[in-house]
Amino acid sequence: MPQDTEPRHLVVIGGGMTAHRLVEALRARDTAGSWRISVYADEPRRPYDRVALTSYFSKRDPEELSLGDDALWHDELVTLHTGTPVTAIDTAARTVTDDLGRVTPYDELVLATGSSAAVPPIPGADLPGVFVYRTIDDVAALRGWVAEREQAGRGASYDRPVRGAVIGGGLLGLEAAGALRALGAQATVIQFGSHLMNAQIDLGGGEALKRLINGMEVGVRVGTATKAMVPSRRTGHVGRLDFTDGTRLDVDVVVLATGIRPRDELARAAGLTVGERGGVVVDDTCATAVPHVWAIGEVACIQGSCVGLVAPGYAMAEIVADRLLGGAATYPGADTATKLKLSGVDVASFGDAFARTERSMEIVWADPVAGVYKKLVMSDDARTLLGGVFVGDASAYASLRPMVGAELPGDPSAYLLPEGTGGAPDLELPESATVCSCNNVSAGEVRAAVTEHACTDIGAVKACTKAGTSCGSCLPLVKKLVGTELERLGISVSTALCEHFALSRAQLYDAVRLAGTRTFSEIVERFGRTGSRGCDICRPVVASILATTAPAHVLEGERASLQDTNDHVMANIQKDGSYSVVPRMAGGEVTPAGLIAIGEVARDYGLYTKITGGQRVDMFGARMEQLPEIWARLIEAGFESGHAYGKSLRTVKSCVGSTWCRFGVQDSVALAVLLELRYRGLRSPHKIKLGVSGCARECAEARGKDVGVIATDNGWNVYVGGNGGFTPRHAQLLAEDLDTDTLIRVIDRFLLYYVRTADRLQRTAPWMEDLEGGLETVRAVVLEDSLGIAADLDAEMDAHVANYVDEWKATLEDPEKLRKFAPFVNAPGESDPDLQYVPVRGQIRPATAEERRAGAVLVAPATLEVRS
Amino acid sequence: MSTLSAAAEAATDATAVDATAVGHQDVCLLTDLTPERGAAALLTETVDGEPRRTQIALVRTVGDLVLAVQHRDPVTGANVMARGLVGTRLVDGEEVPTLASPLHKQVYDLRTGACLDAAGKEPLPGEGGLRTWPVAVVDGVVRVLLDESAS
Ligand SMILES: Cc1cc2nc3c(=O)[nH]c(=O)nc-3n(C[C@H](O)[C@H](O)[C@H](O)COP(=O)(O)OP(=O)(O)OC[C@H]3O[C@@H](n4cnc5c(N)ncnc54)[C@H](O)[C@@H]3O)c2cc1C
Ligand code: SF4
């Protein structure tokens, strides 16, 4: 839209979660482009998901925590200055000054500086080995420290684990303790208050929580004040905690999680009013008393206090975006519902958890054996829900939280009983009930996504409404709402493969495997629509299933007619009906003689040659009838089928690794070759790609693959579920420091578990997303054999390896199969006269329709006859 | 239009075509065709008195019915239809033989050539469904009736 007036300038100080939301909301709504936005961020990276900070330990890639779509920061009206703190504000001149001394004028200014971790005034809090837990850099430093201590411990005369302590037993402290355990360190939580999470849950809940936390081998000391942190005499690092009761605890690492302080120092210096306990005072519109200055997020003191949760901060960001565009939004008050994000420990509290409302009543259900404590706070007539606490089983949290202030149908105690004991009526959420508090999405909006925006699955609803895209605790509820709504619309969420099979691919796989059926005719009669003959969806699926359950050549008997043209002629069809040919180069390794042979074939047949992304050579423009001759020559030169045409293993990409590279710690090429030769020809729901890097520098980009292997000093780390393409994903860590034999078994099982249970055309990343329990389930099945199928999978893979034959070699040996390559059943010597090519950069490409009509210069490659 | 209905009749009762009529070309043996896997054939048609080579796709069903449609893919113009997957689809309660384009997966009714699923694509100008030809199998020989009026 053309701009009549210069856009006004909005300056945002702070590049955290609420700053991101503000920019996103403003850019989405300001369609006229009336605002230009500059964001100053102290941290050296674009805004990331601080709520998910702990997952950095498993993901290891800061990029993965990034919030929203990167495109926002390429918007021409948005400028993000990372690593650039603002050092002063002049509210009279309406300028800000950054650390480089640059002075920038603003029309409106938003403070979104968040909080810093509070460091308690305990002697020794500045010792090496004492950390806070707020930013990616904090977490990275903590991880590095623990790894270093661990190394040092190994070198010592006796082997002892790293001893960690967390000071502070709130949400953050427990998350940090979980992180220490995940890093292999011991952890003890030191809590000053009477019980854990005393800001959110009552004493009864706290006791239950302590038992659960102990169950994770985390020590808990409540009612304990730390007097001093004492350095080790030998290292000068933190070595001991001294408590006021005279007891002590030896430590190698300490995490401080005693609370947060609003970062209001700039505001104070600029003369803005701050609250009693800090924070920039704002009214219900998020405006400060000084014109043109606003504050949002944790730094804002709104309705008398600062709130250390992201949802109220997001609400403030939305309000400011709205106000900047002339709207009249006001702050509705904070929803302080919280859920602990510690795997294995379910804790949640919402509403009036401490029953502070006058004449409220509490209904408690506790099962100390199972470690469960649940409480609902109700109005005195036991009808209106006011709040609640859940410890050990928070399954009811997602659906009860939005009901605060509403009447609960039926007997409230029914909601506290374990699932399955029945009684709890299905809650029909009111339209206005907030389902996702992080993104402020109501039940009505989720329903509308289905009824009005035609979303038919949870992924579409997430994309449409943003519900469940932050902390994710509302996802079960969103799923339920979507399911109910779809049912209401009469849309059954069908998993049927196609009109011929009511079974899903995974179900059909099991059925075929267990029944031992071997032909399509048999399979469609038993498991599909009687009398039908399938289609372009189910026939290749059956071929793919049979390839694993009853291995045989792709062109064997009836099986040939099930294959897509690519599998049928074992080459990749191109837009003009010619094919491309890709010989295998395991691990991307090729001899000079091999390269020459390929070059000669390409030259003699006039093929267009290009290097693929999978480290091999692709030759285009082969006519169907030329394929056998071309392959005869390639096989002669020692090549075999590269399966570039199949839904099967494609390549194992590798870097050169320790044999040549001065950084490499393992022989990545040797492993890549081993893996490629092991899994070659494995038919799967979609293509499978692997990668192996020789060290953490990751030159093979292995984490962009379905299975990525990265060498460590002690063996191999294996990552799963990565892909490039339309929705790129980074693979996630499955297991660490494996020896080669274990690694191979792990990959065997991962691949076959995927082959058995994924949907058609589903890559490993979406498959894992759909899998109940995701990566954790994969880990349990693959590493702990939780389904008891490991032996089966191992045997299946051994059979695959034993039965492997080069499809092309077998084809050339069988005249019956070679007949399939005749271009015309009645004229075997002819070829398709419509295949025409023009030159491009010294090679050929198919002529366009235009060029054919115009009779443009057509090239006649060496053995390609061209008719015109 | 007349071509289409003739093809439909021929398909439902292949032997109904007068196999001795002028314009029939012997193409191949029935046994040259693999059930449910198309094969291309090269025929010579006379158009405006001029001979012209036409590529057709022959499909033999499991019930040994043989059907002929154009080999050219209406969406891309590439000669590939014989390499598509054969199947069936329920149309008005009847199991209808189908052929899917190997390039963009449009599904066609093999008896009438009508497109049953456009898969979100438009045919090229001048193309639509698949052209069909009547086929007869006589003494194990596949014969195709060329429509001399075709242009
Ligand atoms: C481990 C952890 C777990 C959490 N879990 C949850 C949870 O489960 N649920 C929940 O609701 N909340 C959770 N939170 C809190 C949540 O992350 C915060 O409420 C939220 O990030 C606040 O957003 P913000 O924009 O106000 O501040 P921040 O996200 O902290 O962003 C402020 C940014 O401003 C920068 N900054 C400060 N001063 C300047 C300056 N002068 N110039 C330039 N930049 C500056 C800071 O470096 C920082 O990057 C968690 C926090 C942590 C640390
Ligand atoms: S990943 Fe490591 S070993 Fe491989 S090439 Fe890069 S630096 Fe060398």
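The values are calculated or read from the model by the stated rules, or taken from the named source; none is laboratory data. Since this is a predicted model, take the numbers as computed values, not measurements. Please note: Cβ atoms are built from the backbone with ideal geometry, for glycine as well, and neighbour counts cover all protein chains shown.
A:THR777 falls short on exactly one of the conditions (1) within 16 Å of ligand 2 (Cβ to nearest atom); (2) in contact with a Leu (Cβ under 8 Å, 6 or more places away or on another chain), and that condition is (1). Checked against the criterion of being within 11 Å of chain A (Cβ to nearest Cβ) and loosely packed, with under 15 Cβ neighbours inside 10 Å, the candidates B:ARG37, B:ARG83, B:ARG53 yield just one match: B:ARG53. Among the residues of the range A:244-287, those identified as without any contact (Cβ under 8 Å) to a residue 24 or more places away in the chain and not β-branched (Val, Ile, Thr) are A:ASP245, A:GLY246, A:ARG248, A:GLU265, A:ARG268, A:GLU276, A:ASP283. Comparison of B:VAL144, B:VAL135 shows that the only residue that is under 11 Å from the mean Cα position of the chain (by Cα) and away from every other protein chain (no Cβ under 12 Å) is B:VAL135. Only one of the numbered conditions (1) among the hydroxyl-bearing types (Ser, Thr, Tyr); (2) buried (at least 19 other Cβ atoms within 10 Å of the Cβ); (3) more than 31 Å from the chain's Cα centre (by Cα) is not met by A:SER521, and that is (2). The combined condition, being outside any loop (DSSP other than H, G, I, E, B), touching a residue at least 40 places away in the same chain (Cβ under 8 Å), out of contact with any His (no Cβ under 9 Å at 6 or more places or on another chain) and within 16 Å of ligand 2 (Cβ to nearest atom), is fulfilled by A:ALA711.
From the list A:GLY259, A:GLY279, the lone residue that is surrounded by fewer than 17 Cβ atoms within 10 Å (Cβ to Cβ) and within 16 Å of ligand 1 (Cβ to nearest atom) is A:GLY259. Quick check on A:ALA334: is it assigned by TED's automatic domain parsing to the domain that holds A:ARG29 and among the small types (Gly, Ala, Ser)? When the stated conditions are applied, A:ALA334 does not pass them. When A:ASP49, A:ASP30, A:ASP61, A:ASP98 are checked against the criterion of being within 16 Å of ligand 2 (Cβ to nearest atom) and away from chain B (no Cβ under 14 Å), a single residue qualifies: A:ASP61. Among the residues making up the range A:10-29, a single one is surrounded by fewer than 18 Cβ atoms within 10 Å (Cβ to Cβ) and either assigned to a loop (DSSP other than H, G, I, E, B) or not small (Gly, Ala, Ser) (or both): A:ARG29.
The rows are residues; the columns are (1) free of Cβ contacts under 8 Å to residues at least 24 places away in the same chain; (2) part of a loop (DSSP other than H, G, I, E, B); (3) within 13 Å of ligand 1 (Cβ to nearest atom); (4) crowded, with 18+ Cβ neighbours inside 10 Å.
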site: A:GLY33; (1), (2), (3), (4): no, yes, no, no
site: A:ASP42; (1), (2), (3), (4): no, yes, yes, yes
site: A:ARG45; (1), (2), (3), (4): no, yes, yes, no
site: A:TYR56; (1), (2), (3), (4): no, no, yes, yes
site: A:GLU63; (1), (2), (3), (4): no, no, no, no
site: A:GLY68; (1), (2), (3), (4): no, yes, no, no
site: A:GLU76; (1), (2), (3), (4): yes, yes, no, no
site: A:LEU80; (1), (2), (3), (4): no, no, yes, yes
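The set of residues in the range A:457-486 being at pLDDT below 80, closer than 20 Å to A:THR727 by Cβ and of a type in the set (Ser, Thr, Tyr) consists of A:THR469, A:SER470. Just one residue in the set A:GLN732, A:GLN666 is touching a Leu at 6+ places or on another chain (Cβ under 7 Å), more than 16 Å from ligand 1 (Cβ to nearest atom) and not aliphatic (A, V, I, L, M); that residue is A:GLN732. So, in the range A:679-708, of the ones that are free of Cβ contacts under 8 Å to residues at least 60 places away in the same chain, part of a strand (DSSP E or B) and within 16 Å of ligand 2 (Cβ to nearest atom), which residue ends up farthest from A:TYR754 (Cα to Cα)? Only one residue tops the list, namely A:SER693.
Only one entry of A:ASP322, A:ASP346, A:ASP284, A:ASP250 meets the criterion of being under 30 Å from A:GLY178 (Cβ atoms), at pLDDT 90 or above and either within 14 Å of another protein chain (Cβ to nearest Cβ) or away from ligand 1 (no atom under 13 Å from the Cβ) (or both), and that entry is A:ASP250.
Just one of the listed residues (A:GLY333, A:GLY313) is of a type outside the set (Ser, Thr, Tyr) and either part of a strand (DSSP E or B) or more than 29 Å from the chain's Cα centre (by Cα) (or both), namely A:GLY333.
In the range A:816-843, the qualifying residues are those that are outside any loop (DSSP other than H, G, I, E, B) and away from chain B (no Cβ under 14 Å), and the one that is modelled with the highest pLDDT is A:GLN843. Please specify each residue of the range B:86-105 satisfying the condition of being more than 8 Å from every other protein chain (Cβ to nearest Cβ) and surrounded by fewer than 24 Cβ atoms within 10 Å (Cβ to Cβ). Listed by number, the residues that qualify are B:VAL91, B:ASP92, B:GLY93, B:GLU94, B:VAL96, B:HIS104. Within the range A:516-547, the only residue that satisfies the criterion of being away from chain B (no Cβ under 14 Å) and among the aromatic types (Phe, Trp, Tyr) is A:PHE527. Within the range A:326-336, identify whether any single residue is farther than 21 Å from A:SER305 by Cβ and among the charged types (D, E, K, R), and answer yes or no. Within the range A:326-336, not a single residue is farther than 21 Å from A:SER305 by Cβ and among the charged types (D, E, K, R). Selection over the range A:91-101 of residues that are within 14 Å of ligand 1 (Cβ to nearest atom), surrounded by 12 or more Cβ atoms within 10 Å (Cβ to Cβ) and either modelled with pLDDT under 95 or over 17 Å from A:ARG36 (Cα atoms) (or both) gives a count of 3. Here A:GLU265 fulfils each of the conditions (1) surrounded by fewer than 17 Cβ atoms within 10 Å (Cβ to Cβ); (2) of a type outside the set (A, V, I, L, M); (3) farther than 21 Å from A:VAL11 by Cα apart from (3). Apart from one condition, A:PRO2 fits all of (1) more than 15 Å from ligand 1 (Cβ to nearest atom); (2) modelled with pLDDT of 90 or more; the exception is (2). Beta carbons closer than 6 Å, at least 6 apart along the sequence or on distinct chains, pair a first residue in the range A:789-810 that is under 16 Å from A:LEU682 (Cβ atoms) with a second that is polar (S, T, N, Q) and surrounded by 15 or more Cβ atoms within 10 Å (Cβ to Cβ) for A:ASP806/A:SER641; A:GLU807/A:SER641.
Taken over the range A:8-27, the residue count meeting the criterion of being more than 11 Å from ligand 1 (Cβ to nearest atom) and either within 14 Å of chain B (Cβ to nearest Cβ) or of a type in the set (Lys, Arg) (or both) is 2.
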